Each structure stands twice: as structure tokens, then as C-alpha cells.
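Beneath this line is the structure, given in C-alpha cells, with notes to follow.
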Amino acid sequence: MRPGQTGRPGGGDNLPVAEPLGDHRVTELLLLSNSVSPGMGFLEHARGVIGELVPPGSRLLFIPYASADQDRYAAVMADALAPLAITVVSAHAVADPVAELAACDAAFCGGGNSFRLLRALQRAGLVAELRHRVAAGLPYLGASAGTNMACPTLRTTNDMPIVQPDSFEAIGLIPVQINPHYLDPDPASSHEGETRPQRIAEFLTENDVPVLGLREGSWLRVSGRRATLGGTAGARLFRRAQDACELPPGADVSDLLSVRPRFDTPSSGDRPA
Ligand code: ASP
């Protein structure tokens, strides 16, 4: 991608977000910061909103590729969704995950290492397939690394690059970046490494793309052209050349869906004189 170009990095097109293909169903997303909240079981904090999006009797493709122990992860997911009468089929346990996706009513991408997840999605041919199916109305749910996949790129993950994907280009279901597990700096800390806001500010020196810092316990819910902040902890929104702002639970953030992201665009302060 050339400097200053807009749209998907590496993709070369200018589509900021997946568009519906053919039928009239709208994009339905649930992008969770985390899967486990303190004192609660796996996904328990989000069971209500998951049930709204995935009705009883649904068949859900679970994508456990971010984990090193996919058998165990798939079993945990099946247990967590059993009270909602959702049948979980794990992508790692079927011969053809792309074909399985076509037979499912929803997809859920779980957390773990985002680099491992993206590389596996690329190898399975699921990046383009998920983009296509979700644009046509298949509900997409993600937690953590799975939420990172819904962004245009991997560039605002907290993870280490333990493996090398073909590119950082993710599924791109929304036109902005999310930083999951967003952590406010602790003023009493003596830690000398970058704080999370500093890392996000660094991203913004090279990319003109809003970053939504989702705190633990919060999520972004997208339904068509409407996006709202769910959960209890709120979020922090970072934009280039603006002060970060606080978003309370329930905030309407639909304007983020019409952003045109600009990657690899150094801010003026970084340009050589
Ligand atoms: N490692 C995280 C998770 O999936 C993703 C992240 O922090 O970017 O839990």
C-alpha cells in the first residue's frame, strides 16, 4: 500500500467496511474486549447479548485458532454456549472450515494470540470468506484476538508477533481499530515501559485511524449502520491530533462506521523538514 492511500492496508481497495452482498440482511457484530470477567464463568458477562444475536437452536462456527490448545478451547466454548441452546462446531475439528461456515448461523472467533489467529485464518482461506459472509448478514462475534480480526489490521493488538502472518490485514468488518483489554495508566506505577495510551498515540503518528480502547467488561455492538458501546466499563476513543475522549456504557458510536481509515500516513510532526 502506498503512503497516504486510504482503505484496507495491503488490500489495495477503498472499501472501509464490508458491504452487504445481494440480500438485505445487515451486518451484525459483537466485539468483546474479553471472554472472562472477574468472578464470572467463561463469557458469562456477555451471555445476554450473545443470546440476542444468536437465537436458541443456532449452529455456530467457533474459531479457536488463537489458542495453543484448541481441543480444550472448543470444549470450554461448547459448555459456555450450551445454556443458550447453541450448537458449537469448532473450525479446527472439521475437514473444511469454509464449507462449515456456509452451514452455520453465526461465527465466533476466540481470543489468544492474534498473530497465530490471523495466520491460521489466512491459511484456511477464512479471511475473505468471513468478510463475504458477514457482509451478507452472518453474525460475527469476537473476543479479544477475535475482536482484533474485525478491524482493518492487526496493528493495535497487545500481542507479541510469535508467528508471521502473510500480512497484518485482518477481516476489516469495521473501518476503525480496537484495542481490546484497554488499560488506563496507573499514576502510582513506577513501570518505565510505554503505557497503553502511549502505544496508541504511537500508532496514530503513522496511521490516521481512530482507535477504540475497550476496557475489560465492555463491547462494541454493530447492527447495520448503528454501533453502540455495551457492557459496564466504557471505552476510551483516540483520534489523531485530538484529545482522547471517554465513552460511557451505552454510548452511540455509529459515526465510527463511516470513518475512512488512512494507514501508513505519517503525522506532520514526523515528516522530514
Ligand atoms: N491476547 C489478547 C486476547 O486474545 C488479544 C490482545 O490483547 O490484543 O486475549
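Here, each number is a calculation from the coordinates, and none is a lab measurement. As the structure is a prediction and not an experimental result, all values here were calculated from the model. Cβ: placed from backbone, ideal geometry, glycine included. Neighbour counts: every protein chain shown.
In plain terms, the residue of TYR73, TYR65 with the fewest other Cβ atoms within 10 Å comes first and the most crowded comes last, giving TYR73, TYR65. Lys and Arg at +1, Asp and Glu at -1: add these up for the other residues within a Cβ distance under 12 Å of ALA103 and post the number. Local charge sum for ALA103: -1. With all pairs of separate Cα atoms included, the chain yields a Kirkwood hydrodynamic radius of 18.8 Å. Averaged over residues, the count of other Cβ atoms within 10 Å places the peptides 159-166, 144-151 in the sequence 144-151, 159-166, highest first. Listed from fewest to most Cβ neighbours within 10 Å, the set GLU246, GLU169 follows the order GLU246, GLU169. The order of HIS132, HIS191, going from fewest to most other C-beta atoms within 10 Å of their C-beta, is HIS191, HIS132.
Measuring how big region 116-273 is from its alpha-carbon positions, Rg and Dmax come out at 15.8, 49 Å. For region 135-213, the relative contact order is 30 percent, taking Cα pairs closer than 8 Å that sit 6 or more residues apart in sequence and dividing their mean separation by the residue count.
Of the trypsin sites (Lys or Arg not before Pro) in region 203-273, the ones in a loop by DSSP (not H, G, I, E or B) with at most 12 other beta carbons within 10 Å are ARG225. Count Lys and Arg as plus one, Asp and Glu as minus one, and take only other residues whose Cβ is under 14 Å from that of LEU229; the net charge is then 0.
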